[in-house]
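Asks: Got a structure for you, questions after.
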Amino acid sequence: MLNESLLAGYRRDDTPNDDGAPAWKPPLPPAPAVSAGTDVEAMRDAILAKLAYALGKSPATARGRDWYAATALALRDRVVDACLASGAEAVPPKRVYYLSLEFLIGRLLSDMMGNLGLAATVKAALGQLGVDLDAVAEAEPDAALGNGGLGRLAACFMESMASLAIPAYGYGIRYDHGLFRQELHDGVQREVPESWLAEGNPWEFERPDVAYAISFGGDVGMTMGPDGAIRRVWRPAETVRAVAYDTPVIGWRAKHVNALRLWQARAAEPVDLALFNGGDHVGAVAARARAEAISRVLYPSDGTPAGQELRLRQEYFFTAASLQDLVARHVAERGDLRSLPDHAAIQLNDTHPAIAVPELMRLLVDEHGLSWEDAWHVTTHTLSYTNHTLMPEALETWPVELMERLLPRHMQIIYLINWMHLEQITKHRKIGAEELATLSLIDEEHGKRVRMGHLAFLGARRVNGVSALHTELMRTTVFKPLHLLDTDRIVNKTNGITFRRWLHNANPGLTALAVEAVGEGVLDDPTRLAGLAAFADDAGFQARFAAVRRERKEALTRVVRERTGIAVDPAALFDVQIKRIHEYKRQLLNILETVALYQAIKAEPGRDWPARVKLFAGKAAPSYHQAKLIIRLASDVAKRVNADPDVAGRLTVAFLPNYSVSLAEAMIPAADLSEQISTAGLEASGTGNMKLALNGALTIGTLDGANIEIRDHVGADNIFIFGLDAAGVERTKAEPGYAARAIAASPRLKAALDLIASGGFSPAEPGRFLPLVDELRHGDRFLLTADFDDYWRAQREVDAAWCRPRTWWRSAILNTARTAWFSSDRTMREYADDIWRVRVA
Ligand SMILES: *Cc1c(COP(=O)(O)O)cnc(C)c1O
């Protein structure tokens with residue numbers, strides 16, 4: 001079911017509580033269904049009615065955007081119907097609450113149509129009106145409320161939970177401006193604000209009645225309760241309001257609907273009338289601007305803490321609103337908060353909502369009068385935490401001084417949790433100061449800072465990593481001391497992707513082929529993809545598989561030409577690296593190989609080099625200079641290589657601007673080769689690797705993250721593995737000078753570096769890329785030099801395989817056939833069974 005305030009379940013009291021939050025009343029019976037038709041004529045008329053009555057437009061004046069909004073509104077009505085028809089219990093036994101600072105959703109139209117089973121109907125209905133569905137779909141802006149993999153994972157999980165009928169809410173922030181739009185000017189990234197809400201959002205329901213007061217600052221006092229016990233009272237300096245917006249998330253075959261509830265920040269008072277009337281018109285709305293800033297923009301930090309006060313305000317804002325919401329729901333339904341763990345499972349996506357640990361304690365102890373022991377039991381049996389990175393610079397910590405100023409009561413609670421935690425340990429055994437320091441919630445080495453990973457760990461019933469390797473590294477490195485205190489707490493849940501978006505909707509041709517080969521059932525049960533293996537050697541099937549790919553490559557060729565002006569040959573091998581630009585993801589290694597290949601082709605023009613197109617896309621964090629320089633190098637290499645007649649038809653390079661979910665959907669079905677070449681031990685899982693393998697691209701990759709599990713599933717013959725493994729990386733790092741030795745041992749690498757360093761790709765500014773080359777020559781934290789030769793070897797293996805189409809397409813088909821396990825339905829089932837202990841329909 002969608003949620004209580006839309007259809008059934010609960011009703012709100014008109015009189016708010018003292019703090020302005022609405023009170024809850026017990027459930028009402030479900031509302032009677034008023035259903036909207038789902039045949040072509042009914043759909044056509046519904047779209048026309050929305051166009052006229054909701055948008056005030058006629059077909060003659062409607063723009064693509066108007067048709068999109070009318071279609072979305074008509075579909076949303078049908079989502080509401082699906083919600084009513086699903087007949088879900090008003091009060092499910094247990095709900096999942098997925099807290100995430102990011103949801104990288106992309107477009108929703110094809111999701112909604114697909115899961116409602118109305119794609120053909122909508123296409124025909126629009127067709128009767130002389131409107132092209134593809135053009136309508138193009139008019140939808142991407143909801144880019146996330147930076148990359150972590151946010152996209154949250155979106156895949158929401159879709160899978162709805163498809164599995166797991167009662168769930170996603171909770172996050174409704175940013176006015178999502179991830180920036182990336183423009184490239186001569187290879188230089190420029191960030192332009194993205195305004196996805198500029199023309200409204202037809203999918204969401206605004207809920208002005210669902211609002212909570214969120215406080216900051218001030219101090220903490222004490223009172224005596226009626227029982228004589230001392231109570232802490234937080235006297236905040238500032239209060240803002242969090243207002244809910246719900247986007248329905250409909251599951252496959254419309255069996256279940258959940259809600260993604262995103263909070264918008266508003267001022268408690270829209271205007272200071274005294275100031276305004278006194279003539280200070282700007283000052284009168286200053287407090288409002290400060291409050292609303294909280295949900296203004298998504299932080300474009302990716303893996304590095306923004307370290308800014310506003311970021312901490314965002315984290316607390318959405319966590320506190322979400323907890324108040326779910327606590328109020330629980331109290332309305334069940335009365336006693338001690339039973340919260342039986343009816344709610346709260347998942348923290350990374351440490352961004354880790355403040356939930358002290359906030360839930362505060363709500364339970366200060367506001368609902370539970371004892372500390374009861375509250376701690378409830379907290380540690382309701383919360384779980386997903387870790388996404390072990391890189392020290394990306395592990396979130398906050399200065400104690402900032403916490404004390406912004407969240408004084410929370411800091412007290414954190415100190416108390418820490419004191420009890422350390423007491424517990426020292427009670428049982430003698431322990432050195434050094435070990436105690438690693439266990440403490442407070443890092444004393446870098447000025448006093450709160451370790452949010454430790455806080456989340458202590459407050460969680462289960463802590464999970466996102467691939468087998470990553471989970472093992474959690475146990476043996478960063479979380480080792482905590483792990484040894486409770487060896488059951490860390491569990492693995494390898495990431496997944498929703499096949500509805502990444503196979504069915506993104507690649508209808510391949511989906512149709514799979515349905516034809518193994519039956520309709522594959523749409524409901526991806527493990528049936530395994531049946532494709534029987535066709536892997538079938539020449540006719542190979543030809544059709546290749547034809548589907550070819551069609552998508554031709555489509556991508558047009559996109560590349562439109563966006564970059566570069567002409568690429570759809571017959572060439574499409575070698576694709578698409579992801580955030582990060583040194584550990586090693587786009588630079590790929591560029592070095594490109595340069596070396598360029599030099600090799602020029603040196604031996606007579607050899608039969610297979611035609612290759614290197615495609616890159618990805619955004620760099622605005623303040624990440626090395627990453628921006630890598631983008632610029634890719635663009636400069638493209639410029640020279642594409643203009644050189646010596647390599648024409650053999651090597652082409654293009655960097656596509658503004659990587660997004662929509663661009664990913666266009667690129668992934670067109671990819672022949674998937675680059676997953678991170679330094680082993682540093683990519684927690686990756687999900688792009690899964691999307692590409694599912695669509696039949698062969699992976700060239702390191703033994704990192706989920707690549708290892710992909711290899712285990714597709715078979716070592718159907719993937720190109722190279723480079724050091726995680727243990728090898730550690731060993732190499734322990735031998736200083738490895739970069740210099742590796743460069744000296746590899747004339748090919750040395751020549752590529754020399755060409756870049758001498759301005760071969762930047763003649764107007766020869767030193768432009770010295771910061772990149774110097775880092776490799778003198779530091780090379782990410783071991784590009786150590787892995788280069790083996791990467792080159794693997795790439796030549798790729799060349800050889802590409803020249804044997806029968807084995808290539810066999811491997812491609814086997815990749816699709818053997819990646820069903822990477823469905824996020826499987827991942828969500830595992831969370832439901834092992835972490836949340838919630839029933840799956
Ligand atoms: C899947 C996806 C990612 C994650 O890609 P990785 O290769 O796993 O880093 C990032 N951005 C978008 C738009 C995606 O669709």
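Asks: Going through the stretch 482-509 one residue at a time, which ones are over 18 Å from Asp111 (Cβ atoms) and away from the ligand (no atom under 16 Å from the Cβ)? Spell out the reasoning first.
Replies: First, pick out the residues of the stretch 482-509 that are over 18 Å from Asp111 (Cβ atoms): 482-495, 509.
Selection gives Leu482, His483, Leu484, Leu485, Asp486, Thr487, Asp488, Arg489, Ile490, Val491, Asn492, Gly509.
Asks: Considering only the stretch 604-618, how many residues are away from the ligand (no atom under 16 Å from the Cβ) and among the aromatic types (Phe, Trp, Tyr)?
Replies: Residues that pass the stated criteria total 1.
Asks: Let me ask something else. From the list Leu402, Leu416, Leu337, which residue is more than 29 Å from the chain's Cα centre (by Cα), more than 19 Å from Arg95 (Cα to Cα), among the hydrophobic types (A, V, I, L, M, F, W, C) and modelled with pLDDT of 95 or more?
Replies: Details: Leu402 fails: more than 29 Å from the chain's Cα centre (by Cα); Leu337 fails: more than 19 Å from Arg95 (Cα to Cα).
Among Leu402, Leu416, Leu337, only Leu416 is more than 29 Å from the chain's Cα centre (by Cα), more than 19 Å from Arg95 (Cα to Cα), among the hydrophobic types (A, V, I, L, M, F, W, C) and modelled with pLDDT of 95 or more.
Asks: Now, a different point. Mind listing just one residue for me: the one in the stretch 720-767 that is without any contact (Cβ under 8 Å) to a residue 24 or more places away in the chain and touching a Gly at 6+ places or on another chain (Cβ under 9 Å) and, of those, farthest from Ala794 (Cα to Cα)?
Replies: So the residue we want is Glu765.
Asks: State whether one or more residues within the stretch 647-666 are part of a loop (DSSP other than H, G, I, E, B), in contact with a helix residue (DSSP H, G or I) (Cβ under 9 Å, 6 or more places away or on another chain), at pLDDT 95 or above and more than 16 Å from the ligand (Cβ to nearest atom).
Replies: yes
Asks: Specify the residue that is farthest from Trp802 (Cα to Cα); the eligible residues are those in the stretch 670-700 that are outside any strand (DSSP E or B), more than 13 Å from the ligand (Cβ to nearest atom) and not hydroxyl-bearing (Ser, Thr, Tyr).
Replies: That would be Gly681.
Asks: Output the number of the condition that Val257 fails; it satisfies all remaining conditions of (1) within 20 Å of Leu153 (Cβ to Cβ); (2) touching a Cys at 6+ places or on another chain (Cβ under 6 Å).
Replies: Among (1) within 20 Å of Leu153 (Cβ to Cβ); (2) touching a Cys at 6+ places or on another chain (Cβ under 6 Å), the lone unmet condition for Val257 is (1).
Asks: Which residue pairs have Cβ atoms closer than 6 Å, lie 6 or more positions apart in sequence or on different chains, and pair a first residue in the stretch 669-693 that is under 23 Å from Phe157 (Cβ atoms) with a second residue that is away from the ligand (no atom under 11 Å from the Cβ) and of a type in the set (Phe, Trp, Tyr)?
Replies: Cβ pairs passing all conditions: Met690/Phe822.
Asks: Right, Leu275: part of a helix (DSSP H, G or I), under 14 Å from Phe216 (Cα atoms) and at pLDDT 90 or above or not?
Replies: Values: part of a helix (DSSP H, G or I): yes; under 14 Å from Phe216 (Cα atoms): no; at pLDDT 90 or above: yes.
Considered against the rule, which asks whether it is part of a helix (DSSP H, G or I), under 14 Å from Phe216 (Cα atoms) and at pLDDT 90 or above, Leu275 comes out as no.
Asks: Going through the stretch 220-249 one residue at a time, which ones are small (Gly, Ala, Ser) and within 33 Å of the chain's Cα centre (by Cα)?
Replies: So in the stretch 220-249, the residues small (Gly, Ala, Ser) come out as 221, 225, 228-229, 237, 242, 244.
If the condition is that a residue be small (Gly, Ala, Ser) and within 33 Å of the chain's Cα centre (by Cα), then Ala242, Ala244 are the ones that fit.
Yes/no matrix, rows are residues, columns are (1) under 17 Å from Gln626 (Cβ atoms); (2) not acidic (Asp, Glu):
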position: Leu772; (1), (2): yes, yes
position: His778; (1), (2): yes, yes
position: Asp789; (1), (2): no, no
position: Asp799; (1), (2): no, no
position: Trp802; (1), (2): no, yes
position: Asn815; (1), (2): no, yes
position: Ala820; (1), (2): no, yes
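Asks: Could you list, in sequence order, all residues of the stretch 528-585 that are within 16 Å of the ligand (Cβ to nearest atom), in a helix (DSSP H, G or I) and among the acidic types (Asp, Glu)?
Replies: Listed by number, the list holds a single entry, Glu583.
Asks: Then there's this: Go through Ala125, Ala137 for me and flag whichever is more than 23 Å from the chain's Cα centre (by Cα), hydrophobic (A, V, I, L, M, F, W, C) and more than 26 Å from Asn387 (Cβ to Cβ).
Replies: Of Ala125, Ala137, the one residue that is more than 23 Å from the chain's Cα centre (by Cα), hydrophobic (A, V, I, L, M, F, W, C) and more than 26 Å from Asn387 (Cβ to Cβ) is Ala125.
Asks: Inspect the stretch 619-633 for any residue being away from the ligand (no atom under 16 Å from the Cβ), crowded, with 24+ Cβ neighbours inside 10 Å and in a helix (DSSP H, G or I) and give the result as yes or no.
Replies: Looking for residues that are away from the ligand (no atom under 16 Å from the Cβ), crowded, with 24+ Cβ neighbours inside 10 Å and in a helix (DSSP H, G or I), one finds at least one in the stretch 619-633, hence yes.
Asks: Hey, could you check the stretch 510-528 for residues that are touching a residue at least 12 places away in the same chain (Cβ under 8 Å) and under 26 Å from the mean Cα position of the chain (by Cα) and say which is surrounded by the fewest Cβ atoms within 10 Å (Cβ to Cβ)?
Replies: Among those that are touching a residue at least 12 places away in the same chain (Cβ under 8 Å) and under 26 Å from the mean Cα position of the chain (by Cα), it is Asp524.
Asks: I'm trying to understand the selection: among the residues of the stretch 454-500, which are buried (at least 24 other Cβ atoms within 10 Å of the Cβ) and more than 20 Å from Thr827 (Cβ to Cβ)?
Replies: His454, Leu455, Phe457, Leu458, Gly459
Asks: OK, next. Assess whether Asp754 counts as being modelled with pLDDT of 95 or more, assigned to a helix (DSSP H, G or I) and within 25 Å of Gly696 (Cα to Cα). Full working, then the answer.
Replies: Working: modelled with pLDDT of 95 or more: yes; assigned to a helix (DSSP H, G or I): yes; within 25 Å of Gly696 (Cα to Cα): no.
No, not satisfied.
Asks: Does the stretch 680-720 hold any residues that are more than 29 Å from Pro508 (Cα to Cα) and either among the aromatic types (Phe, Trp, Tyr) or in contact with a Ser or Thr (Cβ under 7 Å, 6 or more places away or on another chain) (or both), and which are they?
Replies: Ala680, Ala684, Thr702, Asp704
Asks: Somewhere in the stretch 621-628, is a residue under 16 Å from Ala600 (Cα atoms) and not aromatic (Phe, Trp, Tyr)? Outline the logic, then answer.
Replies: Going residue by residue through the stretch 621-628, those that are under 16 Å from Ala600 (Cα atoms) are none.
Looking for residues that are under 16 Å from Ala600 (Cα atoms) and not aromatic (Phe, Trp, Tyr), one finds none in the stretch 621-628, hence no.
Asks: Another question, then. Of all residues in the stretch 783-823, count the ones that are under 16 Å from Ala697 (Cα atoms) and not in a helix (DSSP H, G or I).
Replies: Here the count works out to 4.
Each row is one residue, and each column tells you yes or no for (1) out of contact with any strand residue (DSSP E or B) (no Cβ under 9 Å at 6 or more places or on another chain); (2) within 18 Å of Leu73 (Cβ to Cβ); (3) more than 16 Å from the ligand (Cβ to nearest atom).
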| site | (1), (2), (3) |
| --- | --- |
| Phe103 | no, no, no |
| Gly106 | no, no, no |
| Ala119 | yes, yes, yes |
| Lys123 | yes, yes, yes |
| Gly130 | yes, no, yes |
| Val136 | yes, yes, yes |
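Asks: Out of the stretch 710-726, which residues are more than 20 Å from the chain's Cα centre (by Cα) and either assigned to a helix (DSSP H, G or I) or within 16 Å of the ligand (Cβ to nearest atom) (or both)? Steps first, please.
Replies: So the first thing to find is which residues in the stretch 710-726 are more than 20 Å from the chain's Cα centre (by Cα), and the list is 711-726.
Arg711, Asp712, His713, Val714, Ala716, Asp717, Asn718, Ile719, Ala726, listed by residue number.
Asks: Which count do you get for residues in the stretch 341-378 that are assigned to a helix (DSSP H, G or I) and closer than 30 Å to Gly148 by Cα?
Replies: Residues in the stretch 341-378 being assigned to a helix (DSSP H, G or I) and closer than 30 Å to Gly148 by Cα: 5 in total.
Asks: Going by the conditions given, is Ile601 away from the ligand (no atom under 16 Å from the Cβ) and surrounded by fewer than 23 Cβ atoms within 10 Å (Cβ to Cβ)?
Replies: Answer is yes for this residue.
Asks: Still on this structure, I have one more. Mind telling me which of the residues Gln264, Gln314 ends up being over 30 Å from Glu520 (Cα atoms), assigned to a helix (DSSP H, G or I) and under 23 Å from the mean Cα position of the chain (by Cα)? First the steps, then the outcome.
Replies: Numbers: Gln264 fails: assigned to a helix (DSSP H, G or I).
Exactly one of Gln264, Gln314 is over 30 Å from Glu520 (Cα atoms), assigned to a helix (DSSP H, G or I) and under 23 Å from the mean Cα position of the chain (by Cα), namely Gln314.
Asks: Give just the number: which of (1) within 16 Å of the ligand (Cβ to nearest atom); (2) closer than 30 Å to Ala832 by Cα; (3) of a type outside the set (D, E, K, R) does Gln182 not satisfy?
Replies: If we test Gln182 against (1) within 16 Å of the ligand (Cβ to nearest atom); (2) closer than 30 Å to Ala832 by Cα; (3) of a type outside the set (D, E, K, R), just (2) comes out false.
The values are calculated or read from the model by the stated rules, or taken from the named source; none is laboratory data. Source: prediction; values computed, not measured. Virtual Cβ from ideal backbone geometry, glycine too; neighbours counted across all protein chains shown.
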